[in-house]
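A short worksheet on the structure shown next.
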Amino acid sequence: MMQTAQSMRGYMRIVIATIAVCLAVNLIFLNATSRESYFIPLNAQSPSSSNTDTRNSLSLPDLFSQVQNSVVQVSDVVRTISGEGTRLGSGFVYDNEGHIITNNHVVQTDSRNAQFDVTFSDGNAYTAQLVGSDPYSDLAVLKLQDIPPNKLVPLSIGNSSEIRVGDTVIAIGNPFGLAGSMTTGIVSGLARILPSSNENPSGNSVPLSFSIPNIIQTDAAINPGNSGGPLLNSKGEVIGINSAIFSTTGVYSGVGFAVPSDTINKIVPFLIRTGTFQHPYLGVVGQNITPSLAKQLGLHEERGFLITGITPGGPADKYGLRAAHQVTSDTGRAVIAGGDIILKIDNQDVRKIDDVLSYLEKQTTVGDTVHLTISRNGAIQEADVVLDARPSPNDIQNVAAIQPNLGNSQLPNGNNDGSNSNDDNPYDQCARFAGNDLCGFFFGR
């Protein structure tokens, strides 16, 4: 009996060991299967990308609820030919200090202590003082007075350099005074160029002919009164500030423009600290190399930016850059001769003036030295130029007074980074480029 019992115990040990081995094998298999479902091969495509990640996207009602208390209406009383009227625009809360961001053309004034009414979505209105403005980017900053801290809900500023054509955007503002209006659309274009405002509050036309680069184009409905309001991504982050529209009727026609948030991030801190922002500039006027111009100049390829005028005393003038001029050929035909062609700026290729404008605004500051690669009479040359600050709106009239010396007014006109070499004013130049309605809205006419 004892021997039989021992045999039975030995048999049970074998059975238990066998079961344990089987369980271990099954657990290993299940663990391997589970791992396979969590680890995606490197060559497999992820269903989302960094630019279009929708995991943090909000539904439109939730987005509106999140930001509505941060979007405000900006208004003041202005004098017109027919009497007094109310100027309306939009803005948004920038920080917990009570700063409001809006457009320069919404609050443009010649008063040093200008005050405005800022109305929140609940109808409560507060007084705000203008602390800084920049006509060259169409940005301005107000500071709210005597406002309860719990009223301040700043909006997050996003990264406009990451947006792509086709991304969803949302505009919130006060079109025609209709407070708290939301519209949606997509980014329909990037890197647009718009002229900056030249309206002088005193009534005198100041010929500002600088352009705003890197503008966002959107089909989200924007109308008068939306100016200064935020353009948001689907996460509720500000990626632009609505500034202008293109229209043949004066109202929305499917094309709106917003100053990008990257520009806001660069300029607004200076407006808060000092009230102004100094933009770097070269002080040149010119045009892109077209096929016909390339043929006329004897060029083998169509690239670069031909200088047709130079601001007296500006950086280009100080460092010896040359402007093109018109001469009469043997056949009596007017042709362009001479003139430096900018091919590169700090080793960045220049295909058109937009490349120069964007680079100066995004990558440089006043006092920086930029390295230019130019073509002069067919020979490649290098030049280092120290950037100056653009003339202020008050000083630019002095520059315009000597403008006829900048070159022949019959030279073709193009976008520029300095004063314009054409005799007519910036509004007329803008109208030829973008039409009367857009320029009338943008220049306040």
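The values are calculated or read from the model by the stated rules, or taken from the named source; none is laboratory data. As the structure is a prediction and not an experimental result, all values here were calculated from the model. Cβ atoms come from the backbone with ideal geometry, glycine included; neighbour counts cover every protein chain shown. We work out accessible area using only protein heavy atoms, side chains counted, and drop any ligands, DNA or RNA first. Shrake-Rupley method; radii C 1.70, N 1.55, O 1.52, S 1.80 Å.
Distance between the 7 Å Cα→Cβ label points at Arg322 and Val77: 6.1 nm. Per-residue surface analysis assigns Ser121 an accessible area of about 60 Å², computed on protein heavy atoms at 1.4 Å probe radius.
Taking 0.36 nm per residue of separation and subtracting the current Cα-Cα distance, fully stretching the chain between Ser121 and Thr248 would add 42.6 nm. Relative contact order for segment 212-272: 36 percent, from Cα pairs under 8 Å spaced at least 6 residues apart, divided by residue count.
Subtracting the Cα-Cα distance from 0.36 nm times the residue separation, let me have the gained length for Thr290 to Asp110 in nm, one decimal. Walk me through the numbers on the way to the answer.
Details: separation 180, 0.36 × 180 = 64.80 nm, distance 4.14 nm.
Between Thr290 and Asp110, full extension yields 60.7 nm more.
Here the gap between Phe176 and Arg164, fully extended at 0.36 nm per residue and compared with their Cα-Cα distance, gives a gain of 1.4 nm.
Using the structure shown, list the pairs from Lys143/Lys352; Lys295/Lys362; Lys318/Lys352; Lys318/Lys344 with a Cα-Cα distance above 30 Å, or answer none.
Details: Lys143/Lys352 39 Å; Lys295/Lys362 33 Å; Lys318/Lys352 23 Å; Lys318/Lys344 19 Å.
With Cα atoms farther than 30 Å apart: Lys143/Lys352; Lys295/Lys362.
Distance between the modelled labels on Arg273 and Gln66, one decimal in nanometres: 3.0 nm (7 Å Cα→Cβ projection). Take Asn265, project a point 7 Å from its Cα along the Cβ direction, then tell me which residues of segment 343-368 have their backbone nitrogen under 16 Å from it. Under cut-off, by backbone N: 361-364.
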